[in-house]
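Visitor: The structure's right below; bear with me while I get my questions together.
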């Protein structure tokens, strides 16, 4: 293994448990300004001394500013490291980190505070070789888990040479290390129904049932579900709310659906297929989230080859159905590689965990990929 990779990976792994414990101790659900500010202060303290600390407006209104840490160099390359500090876990459900059975269990350990800790370690390592880059930066946002507005930062990094995102890592089919170079596009569809109330027993015929209309819309959406089709489209109704009383025809309601495909076009076509009306109930369909897909296999291939050589072991390119901010950056930075974080499981679950044994090997992967991008 390359000496620089091995030395700095060991140092990252040595520091990681304590840094992760401190970051997980902060409850930081999306939208919570105080939690985001605490995470930003902690990450700034863990950054290299030479890093410039900048707070930039978050994509989502009402959120704390995002954190941008910048290290200047005398070389030519510009490399962006990417992560997020928000979780989906409420304050009431937050769990501090515990180590048991080789697992660090706690809220946000794998999604993605463990990745943030590795990213900070990579930035510290890069700060010692400033002759190899013009700028190395780490962007940590605080709204990735619940963003419903366009991502604000892609244009800022247009023309940069690479983006490395530290969402959770994984194993390839051969059991070795893998990174993510493909992600599906993702959309969230909201359908609101506008019917008419009436007494469910005395005069149901005078009502216009919003619940039944939304159920019909849900069936329309689910009818497009074709994960084995050419677009690998998944269409899943996920939340339905309608009705306020046991004896009243529901006059209004809301349906939410999760839709994913290789590209945005089939998602948008499906959303457009929802009818405007069903049995006298008006249906309004709108996209509350549209995230692009990521397909960087070709641009990443030579970098992953060089990284595997530095590692002294294979490194497999892979894909994932879940969305990530890497997809947004990839629209402006063609060389974008994701899945550079540690391995774990149960993301968004009370028993979310990070595998302790993965910290050093995944730090090695991240450092090797970072070094290869500088070339």
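Visitor: Does the stretch 207-221 hold any residues that are touching a residue at least 40 places away in the same chain (Cβ under 8 Å) and not in a loop (DSSP other than H, G, I, E, B), and which are they?
Guide: Once the filter is applied, which keeps residues that are touching a residue at least 40 places away in the same chain (Cβ under 8 Å) and not in a loop (DSSP other than H, G, I, E, B), the stretch 207-221 yields 208, 210, 211, 212, 213, 214, 216, 217, 220, 221.
Visitor: Let me ask something else. Do we have any residue at all in the stretch 221-240 that's in contact with a strand residue (DSSP E or B) (Cβ under 6 Å, 6 or more places away or on another chain), outside the structural domain of residue 329 (by TED's automatic domain parsing) and farther than 29 Å from residue 294 by Cα?
Guide: Checking the stretch 221-240: at least one residue is in contact with a strand residue (DSSP E or B) (Cβ under 6 Å, 6 or more places away or on another chain), outside the structural domain of residue 329 (by TED's automatic domain parsing) and farther than 29 Å from residue 294 by Cα.
Visitor: Out of 284, 338, I need the residue that is modelled with pLDDT of 95 or more, closer than 24 Å to residue 147 by Cβ and assigned by TED's automatic domain parsing to the domain that holds residue 252. Which one?
Guide: So the residue among 284, 338 that is modelled with pLDDT of 95 or more, closer than 24 Å to residue 147 by Cβ and assigned by TED's automatic domain parsing to the domain that holds residue 252 is 284.
Visitor: Here's something else I'd like to know. Say we look at the stretch 222-237 and pick out the residues that are touching a helix residue (DSSP H, G or I) at 6+ places or on another chain (Cβ under 7 Å) and in contact (Cβ under 8 Å) with a residue 24 or more places away in the chain; which of these is farthest from residue 278 (Cα to Cα)?
Guide: If we take residues in the stretch 222-237 being touching a helix residue (DSSP H, G or I) at 6+ places or on another chain (Cβ under 7 Å) and in contact (Cβ under 8 Å) with a residue 24 or more places away in the chain, then 231 is farthest from residue 278 (Cα to Cα).
Visitor: Let me ask you something else. Quickly run through the stretch 30-48 and pick out the residues that are part of a loop (DSSP other than H, G, I, E, B) and in contact (Cβ under 8 Å) with a residue 60 or more places away in the chain.
Guide: Scanning the stretch 30-48 gives 30, 31, 47, 48.
Visitor: Got at least one residue in the stretch 71-79 being out of contact with any helix residue (DSSP H, G or I) (no Cβ under 9 Å at 6 or more places or on another chain) and at pLDDT 95 or above?
Guide: Checked against the condition, which is being out of contact with any helix residue (DSSP H, G or I) (no Cβ under 9 Å at 6 or more places or on another chain) and at pLDDT 95 or above, the stretch 71-79 yields no hits at all.
Visitor: May I pose another question? Condition test on residue 26, is it in contact with a strand residue (DSSP E or B) (Cβ under 8 Å, 6 or more places away or on another chain) and assigned by TED's automatic domain parsing to the domain that holds residue 339?
Guide: No, not satisfied.
Visitor: Could we say that residue 301 is surrounded by fewer than 24 Cβ atoms within 10 Å (Cβ to Cβ), under 19 Å from residue 80 (Cα atoms) and either outside the structural domain of residue 176 (by TED's automatic domain parsing) or free of Cβ contacts under 8 Å to residues at least 24 places away in the same chain (or both) here?
Guide: Criteria met by residue 301.
The values are calculated or read from the model by the stated rules, or taken from the named source; none is laboratory data. Source: prediction; values computed, not measured. Glycine gets a Cβ as well: all are built from the backbone with ideal geometry, and neighbour counts include every protein chain shown.
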